[in-house]
Amino acid sequence: MSKAAYFILAVLLILLVMVLGLLVGSFETDAGLLADAFFQYNPDNLTHFSIIHLRLPRLLLALVVGASLAFCGYLMQAMVNNGLAEPYLLGTASGASLGAVLVFFGIVEITIAGIYMPSLFALLGALGITLLVVLLGYRRGHIIPTQLILAGVALSSLCTAFVWLLTYLSDTEGKLKSVIFWSMGSFERASWQLLPYPTVALGLALLLFLFMQKQLNILLLGAGRAEALGVQVARTRWIILITVSAVTGFAVATSGTVGFVGLIVPHVTRALMGATGKYNLLFCAFVGGFFMLLCDLLSRVVYPPAGLPIGIITSFFGVPFFVYLLSRKNYNFSS
Amino acid sequence: MRQIRNSYFRKYPLLYSCLLLLLFSCGGERKPAETERVLQDGLGREVHLKKQQPARVMALAASMTEMLFAVCDTASIVARTPHCDYPAAALTKPVVNNYPVDYEQVLLLKPDLVFTVEGITPLEVADRLQELGVPVYYFKFRKVEDIFSGLDEIGRITGREQQAKQLTDSLRQHVAQIEARHQQQQPPLKVLAIAGYDPIYVYGHSTVITDKLRILGAVNAVEETFSPLSREQILKANPDVLLGGTPEEMEKSFFSIYPELRKIKAYQHNRIYAPTSDLMGRASPRVVESIRELEQFLYP
């Protein structure tokens, strides 16, 4: 299949899963009712209201978060030149969890001026820990990938230890449930107010890297050869780090930590499109979005009506497909 | 008959001797001591008591401590958990951590029997206590009547049947009076009782709250659920009354997170109430107090 065909297929599949996702919920919905909700919207009809204000933003958030994590995973793997890298490598997920958990344990009110504080603190936690990790991975004007990975692992462990300490000292079951729920990821809080933040972050990042795809591909050859070929490796790495921390930070802040997507979707992309395709990043975002939408739909079909935590589904359904893909394509990370 | 038995014994003396030996050896181990008493708890488990009547008891759940204080001799209650704060007399008892269970402290206090509730104490903890020589008796509460029969059971176990009966007769009478007042509620009010805001957990259908609502001529707005509720589920249930916090608290910590839920009838008609959390969450002798509190909310 040609690369253009893969793109068209991805878009069609996204639309198909979106429509199916709009049909699934507590209120029984058929195609006619769905069309009415869009073209003859009645705000007093609770089914219409649910389709437009609950299901649609949820699906769009799943799409954006899936795309964000896959996109950031691709960038991280290119930056450290290692197929095991993923967006949470910089401590983003643990930092975000720590931020959110601090709010659950009462450091501030749960909402201030209508802003949901766990999300804001998760964003601050993600950015803060990422900054620390980068500072530890930085030496004489250069980012040292190995040092960066080790710093990420160490600080993630430290944040996780704090999260567990707070959880252990928790005095109510409700707080425990909040922490557990957050750590497994969910799109249940999706709303039209929340959606612009991760969407704008992803949109800007995609736009930026559409012009930097060439540098990314050269970076896969290793820092020395990339320098020799005229790529400003240090600057490119800084741009990647800032982008990944911001985009992942917004994704985690809106939906908790969803594992696995950022790790496997970049591999799927390279398996289908080749290691150095011109539009790999864009395709990776599409596949990530589609995969997350599919997992969200499956979670709600398998365990209706609220659905299973999304992190469980991404692993359950993602791993077998991933193993199949790796074996079928005789896939190699950088060639 | 005697001849037949004798002839068998003569035929197979070795077999009979072995069987007799086996019988005596088993009997030596398994034969209950004269004072031992075997009970069956709410989960169908066998509970072996070393004495006919336990002289020292304790509970691993706040609701159970309330029940013990309602029936038992106060001096016989040897401990409380950090969560047990009612009645006031409970606060004078030594504290035993119940999560995780402080086994050493339990052994130090030498209870003859420990009471607890399904879901509060894991079964493996009960097994461990049993190994350490401390029997654990579980209760399971689904209905208001289960609480009363539980009080009667505690009375039977601890030799305080009379005290327990007096108490439960009175409680049953109060409940019957309240129930009689609300049998003609048509249509019944749909009530959603929130247990956690983020994610949204509610008191499900098989909890005592459902029975309290039935007594008040109302219904629980949700079917059985153990997982968090989605906003769409709540919109579909569209409850008439919401229990979970004062209107101000719920506005700040619930409706501001889920503004879409402002569409439900309870919000539109400002029927949001804050029941006392201990009365809602504990299956205790204060259940009548809890029903009366709910009655005031549902029929102001």
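Odds and ends about this structure:
- Computed accessible area, B:E248, all protein chains, 1.4 angstrom probe, square angstrom: 130
- Principal semi-axes of the equivalent ellipsoid, √(5λ) from the alpha carbon gyration tensor of segment B:127-270, are 35, 22, 12 Å from largest down.
- Each residue of segment B:116-125 is assigned a 3J(HN,Hα), and the resulting list reads 8, 10, 3, x, 8, 10, x, 4, 5, 5 Hz, derived from the Karplus form 6.51 cos²θ - 1.76 cosθ + 1.60 (θ = phi - 60°), x at Gly and Pro.
- If you wrap the Cα atoms of chain B in a convex hull and average its projected area over all directions, you get 22.4 nm².
- Mean ellipticity per residue at 222 nm, deg cm²/dmol - from DSSP H runs of n ≥ 4 across chain B, formula -39500 (n - 2.57): -12500 deg cm²/dmol
- Interface of A with B. Using a 1.4 Å probe and counting protein heavy atoms only, the two chains hide about 2400 Å² of accessible surface, both sides summed.
- Anisotropy class of segment A:195-335 from Cα gyration tensor, a/c 1.5 cut: oblate
- Shielding by partners, peptide A:182-192 (average Cβ within 10 angstrom, other chains): 2
- Here segment A:9-154 was treated as a single set of alpha-carbon atoms; its pair distances binned every 5 Å from 0 give 2, 9, 13, 13, 12, 12, 13, 12, 7, 4, 3, 1, 0 percent.
- The mean of 1/r over all pairs of different alpha-carbon atoms in segment A:36-102, once inverted, gives a Kirkwood hydrodynamic radius of 14.7 Å.
- Computed over chain A, the per-residue total of -39500 (n - 2.57) for DSSP H runs of n ≥ 4 gives a 222 nm mean residue ellipticity of -23500 deg cm²/dmol, rounded to 500.
- Local net charge near B:L49, Cβ-Cβ under 10 Å (Lys/Arg +1, Asp/Glu -1): +1
- Annotation: A:Y279 carries an accessible surface of approximately 110 Å², with a 1.4 Å probe and no ligand, DNA or RNA atoms counted.
- Across the alpha-carbon atoms of segment B:105-163, the computed radius of gyration and Dmax are 12.8, 35 angstrom.
- Per-bin percent of Cα-Cα distances, the protein assembly as shown [10 Å]: 3, 14, 19, 19, 16, 13, 9, 5, 2, 1, 0, 0
- Full-extension gain in nm, A:R140 to A:L15, via 0.36 nm per residue minus C-alpha separation: 40.2 nm
- Hydrophobic long helices, here whole DSSP H runs in chain A with Kyte-Doolittle means of at least 0.5 and Cα atoms spread over 30 Å or more along the helix axis, are found at A:3-23, A:56-80, A:145-168, A:233-255, A:280-302.
- Accessible area per residue was computed with a 1.4 Å probe on protein heavy atoms; B:D73 scores about 80 Å².
- Measuring nothing but protein heavy atoms, the accessible surface of the protein assembly as shown at 1.4 Å probe radius is 62 percent carbon and sulfur.
- Using alpha carbons only: equivalent-ellipsoid semi-axes of chain A, gyration tensor based, whole Å: 32, 27, 17
- Segment A:76-196 - Rg (one decimal) and Dmax (whole number), Cα, Å: 15.8, 48
- Gyration tensor over the Cα atoms of segment B:37-173: the corresponding equivalent ellipsoid has semi-axes (square roots of 5 times the eigenvalues, largest first) of 21, 17, 15 Å.
- Ordered from largest to smallest accessible area (heavy atoms of protein chains, 1.4 Å probe), the residues B:D278, A:D44 come out as A:D44, B:D278.
The values are calculated or read from the model by the stated rules, or taken from the named source; none is laboratory data. From a predicted model like this one, the values you see are computed outputs, not experimental measurements. Here the Cβ is made from the backbone with ideal geometry for all residues, glycine too, and neighbour counts use every protein chain on show. SASA here: full protein model, heavy atoms, side chains in, ligands and nucleic acids out. Shrake-Rupley method; radii C 1.70, N 1.55, O 1.52, S 1.80 Å.
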